[in-house]
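K.L.:
Once you've had a glance at the structure underneath, I'll fire off some questions.
None of the figures in this text is laboratory data; all of them are computed from the coordinates on show. Given the structure is predicted, the values throughout are model-derived calculations rather than measurements. Using ideal geometry, Cβ is built from the backbone for each residue, glycine included, and neighbour counts are taken over all protein chains shown.
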Amino acid sequence: MFNALVTDIKNENIKSEYGPIKVYERSFSTSGNTKVVLVKIDSQKFLVAVGNDELYTELQGFENIGFKLAFPTHENRLVLNKFFPYTAPVANVEHRTSVGLGDRLGLATPGHIETLRDTDVFPIFAQQSVRELDMTGRTYEDVIDTAAYAVFQEGYKKGYGADGDHLKTKEDISKELAIGATMITLDSSEKIDNTIITLSKDEVASKYKSLDESIKSYYEGKYLDKNIGIDGLQMTINKEALMNDVLVYHAAIDFIEEVYQEIIVKYERPIDFEISIDETSTPTTATSHYIIASELKDRNIVISTMAPRFIGEFQKGIDYIGDLDEFRKDFKNHVAIANHFGYRISVHSGSDKFSIFPIVAEETNGRFHIKTAGTNWLEAVTVIAENNPALYREIHQHALDKFDAATKFYHVSTNLGNVPDLSTVADKDLPSYMKNNDGRQLLHITYGYILQDKDEKGNYILRDKFFNALEEHSDAYREHLVSHIGNHLRLLKLK
Ligand SMILES: [Zn+2]
C-alpha cells in the first residue's frame, strides 16, 4: 500500500492521505538524497524514508523495496536531530519572551505549535518536573522525544526549548542535561529555611546571633541600612529584614552558586538558567529578591529568569486569587529588580491566570517567561467529557476516590461540596465540570492516579482508555488547545 506514497515522495509531490495512510505533509524533509515524511496508520506513527545516503542508512527500521519504515524511537529521534537541527531543543539565546507548555500526555505539542506558529514566542515544549514524571510514569527522554517528533511532524523550525523543571539536586540536573535539557529551573526550596517566618522577632534575633560570624559580617557589610533606588523602587534594608533574609536564603544562595559553577557555566552548550524561589508559603519580598539578585551578580552567576513567589494565590488550573492592584504593585517591584539585574521574571503556575495576564504583559513590556502545564491536561479531560461521557464518568469517580491522597502533592483549596454529584449531571452537561473551579482542581491534581493506577490483575484502570480516546479525538484536542492556549497568548499580548 506504500507504492503510490513512495513514488510521490520521490517526486516531492505528496498528498495528505493514501488509503489508510495519513501523511503529515508538513514533515516532508530532505537531507542529501534522502527524503523523509512522517505518516500514521491506525494510531501508529512511522517515518517513511526514501534514498540511500547517510540519513537513510542511520535511520533504524524495516527495509522494503525502495523505502524504509522507521518507528519513532529515541534512537531515530537523535538521527532526526542530527540531520534536521531544528528538531533538537536549544537554549533561548536571543532571550525571546518564552512560554512553558508542559505536555503531561505527550499529545499536546501539535496543538501548541498551531497556536504559536505565527508569533515570536520562544516555546518550551518539553517541560516536566520530577513530580510530573513520577505521576505520569514517563521519562525525560520520552518527554523530549515526543516534543521533537511533534516539531518534525508540524515542520516547526523556529526553535524550542526543553526545561528540566523544578530540579532540586545536582544529580538530577546533570542527568537531564545529558538527556537534552536546554533550560534548568533550579528549585532551591530544600535550602530555603521556611521555618523562619514561624518564629517570633526574639527567636529570629537569637537564631541570627548563632550564625557563623563570617556570614553575618559579609551580609551586614554589604546590605545593612543600604538605600536602594532602582527604577521606581525605593527601599532601605533594615536589620530585621536583613536578619530574616540571611536566615531564610543564605544557604540557598550558596547552593545556587555551587550548581552554577560546577555544572551550568562550564556546560558544553548554552543553558537557560532559571532560579525558582516560588515554592514557599509567603510571598518573596522586594528586599529578599534584591539581596538574592545582587548576590548572584556579585558571584558572576548569569541567569535567564527568576521566579519569585508573588502576592496572592496561584493555585493549579484556576484564575489568580487576590487583589489585582496589590498584585500589580508587588509584581512591578519584582520586574524593576529583574530589569536592573538583566533577566526576565518568570511566572509559575501560569495556567488560567487570565485576570493578571494583562498586568504581566504591561509591567514587563512583554518580556517574561510563563509556565503552564496543568491546563493542557484539563483540556484533554474536557475533550473526553464532550466525546466519551461513559469514560468521563469513570475518570471523575476515580478522581473523587483519590482526591484526598492527591492533596499531599498539590496545594489547593478545593471544596468538593461545590462539585455536583455525578448521578445528577446529564451526559451533555459533563463538560460543565471543567468550567467549575472545584471540578477543575479535582481533575487537575489527580492526574497521576488516573494515568497510573492498576487493577488487581496489574492492568491499567484508565490509562489505555484515556490515551485511546484522545487519539480518536486528536483533532478536537488540537482545536481545544488552539482556542484555550490562544486565549492565554492573546491576554498576554503575545498574539
Ligand atoms: Zn514553581
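K.L.:
Could you name the lysines whose alpha carbon sits less than 24 Å from that of residue 402, not counting residues in the same chain fewer than 8 places away?
P.N.:
316, 435, 454, 457, 465
K.L.:
Using the number of other C-beta atoms within 10 angstrom as an exposure proxy, rank 346, 294, 188, 210 with the fewest first.
P.N.:
Fewest to most other Cβ atoms nearby, the residues stand as 210, 294, 188, 346.
K.L.:
Turning to a different aspect of this structure: Which whole-number percentage describes the relative contact order of the stretch 102-220, with Cα contacts under 8 Å and a sequence gap of 6 or more?
P.N.:
The value is 23 percent.
K.L.:
Where in the chain are the helices, taken as whole DSSP H runs, whose Cα atoms extend 27 angstrom or more along the long axis and whose Kyte-Doolittle mean reaches at least -0.5?
P.N.:
239-259
K.L.:
Which chymotrypsin sites (Phe, Trp or Tyr not before Pro) from the stretch 390-424 combine a DSSP loop assignment with at most 14 other Cβ atoms within 10 Å?
P.N.:
Loop-located and lightly packed - 409.
K.L.:
Related question: Where in the chain lies the longest segment free of GluC sites (Glu not before Pro) that are both loop residues by DSSP (not H, G, I, E, B) and have at most 13 other Cβ atoms within 10 Å?
P.N.:
The longest uninterrupted stretch comes out as 269-455.
K.L.:
With the cut-off at 1.5 for a/c, could you classify the stretch 12-157 from its C-alpha gyration tensor as rounded, prolate or oblate?
P.N.:
In terms of gyration-tensor shape, prolate.
K.L.:
In deg cm²/dmol, rounded to 500, what helix-only [θ] at 222 nm does the chain give when every DSSP H run of at least 4 residues adds -39500 (n - 2.57) and the total is split over its residues?
P.N.:
-13500 deg cm²/dmol
K.L.:
As a footprinting exposure proxy, order 254, 272 by other Cβ within 10 Å, with the fewest listed first.
P.N.:
254, 272
K.L.:
Kirkwood Rh and Cα-based Rg: tell me the resulting Rg over Rh for the stretch 177-318, rounded to two decimals.
P.N.:
Using only Cα positions, Rg/Rh for the stretch 177-318 is 0.98.
K.L.:
Please report 71, 467 as a ranked list, fewest other C-beta atoms within 10 angstrom at the top and most at the bottom.
P.N.:
71, 467
K.L.:
Applying 1/(1 + (r/R0)^6) with R0 = 22 Å to the Cβ-Cβ distance of residue 323 and residue 231, what FRET efficiency is obtained, to the nearest 0.05?
P.N.:
After rounding to 0.05, the efficiency reads 0.40.
K.L.:
Can you classify the stretch 313-417 as rounded, prolate or oblate using the Cα gyration tensor, where a ≥ b ≥ c are the square roots of its eigenvalues, rounded means a/c under 1.5, and otherwise it's prolate if a/b beats b/c and oblate if not?
P.N.:
Cα axes put the stretch 313-417 in the prolate bin.
K.L.:
If you don't mind, another one. Along the charge dipole of the stretch 37-183, which of 115, 70, 59 sits closest to the positive end, that is, farthest toward it, with unit charges on the beta carbon of Lys, Arg, Asp and Glu (+1, +1, -1, -1)?
P.N.:
The residue sitting farthest along the positive end of the dipole is 115.
K.L.:
Quick one: which of 15/40; 22/495; 191/329; 332/353; 35/157 span more than 23 angstrom between C-alpha atoms?
P.N.:
The answer is 22/495; 191/329.
K.L.:
Between residue 65 and residue 408, what FRET efficiency comes out of the Förster formula 1/(1 + (r/R0)^6) with R0 = 60 Å and r the beta carbon distance, rounded to 0.05?
P.N.:
For residue 408 and residue 65, the calculated efficiency is 0.60.
K.L.:
Here's a follow-up. Of 275, 451, 232, which is farthest on the positive side of the dipole of the chain, counting Cα position, with +1 on Lys and Arg Cβ, -1 on Asp and Glu Cβ, and the Cα centre as origin?
P.N.:
Positive-end residue among those listed: 232.
K.L.:
To the nearest 0.05, how large is the calculated FRET efficiency for residue 418 and residue 207 if R₀ is 60 Å and r is the Cβ-Cβ distance?
P.N.:
Computed FRET efficiency for residue 418 and residue 207 comes out at 0.90.
K.L.:
Roughly how many Å is it from the Cα centre of the stretch 182-207 to that of the stretch 443-495, as a whole number?
P.N.:
35
K.L.:
Under a point-charge model restricted to the Cβ atoms of Lys and Arg (+1) and Asp and Glu (-1), what is the dipole moment magnitude of the stretch 14-94 relative to its Cα centre, in debye to the nearest 20?
P.N.:
Taking the Cα centre of the stretch 14-94 as origin, the dipole is about 220 debye.
K.L.:
Could you tell me the distance between the Cα centroids of the stretch 1-39 and the stretch 354-428, to the nearest Å?
P.N.:
39
K.L.:
About the Cα centre, and with charges only on the beta carbon of Lys, Arg (+1) and Asp, Glu (-1), how big is the dipole of the stretch 148-282? Nearest 20 debye, please.
P.N.:
Rounded to the nearest 20 debye, it is 240 debye.
K.L.:
Once you sort the root eigenvalues of the Cα gyration tensor of the stretch 336-486 as a ≥ b ≥ c, which label holds: rounded (a/c under 1.5), prolate (a/b larger than b/c) or oblate (the other case)?
P.N.:
It comes out prolate by the Cα gyration axes.
K.L.:
For the chain, what does the relative contact order come out to in percent, with C-alpha contacts under 8 Å and a separation of six or more?
P.N.:
13
K.L.:
Once you charge only the Cβ atoms, +1 for Lys and Arg and -1 for Asp and Glu, what is the size of the charge dipole of the chain about its Cα centre, to the nearest 20 debye?
P.N.:
780
K.L.:
Considering only 205, 155, 184, whose Cα is most displaced toward the positive end of the charge dipole of the stretch 146-222, charges sitting on Cβ of Lys, Arg (+1) and Asp, Glu (-1)?
P.N.:
155
K.L.:
Any number yet on Rg/Rh for the stretch 246-403, C-alpha, Kirkwood?
P.N.:
Looking at the stretch 246-403, the ratio lands at 1.06.
K.L.:
What share of Cα pairs, in percent, lie more than 44 angstrom apart in the chain?
P.N.:
20
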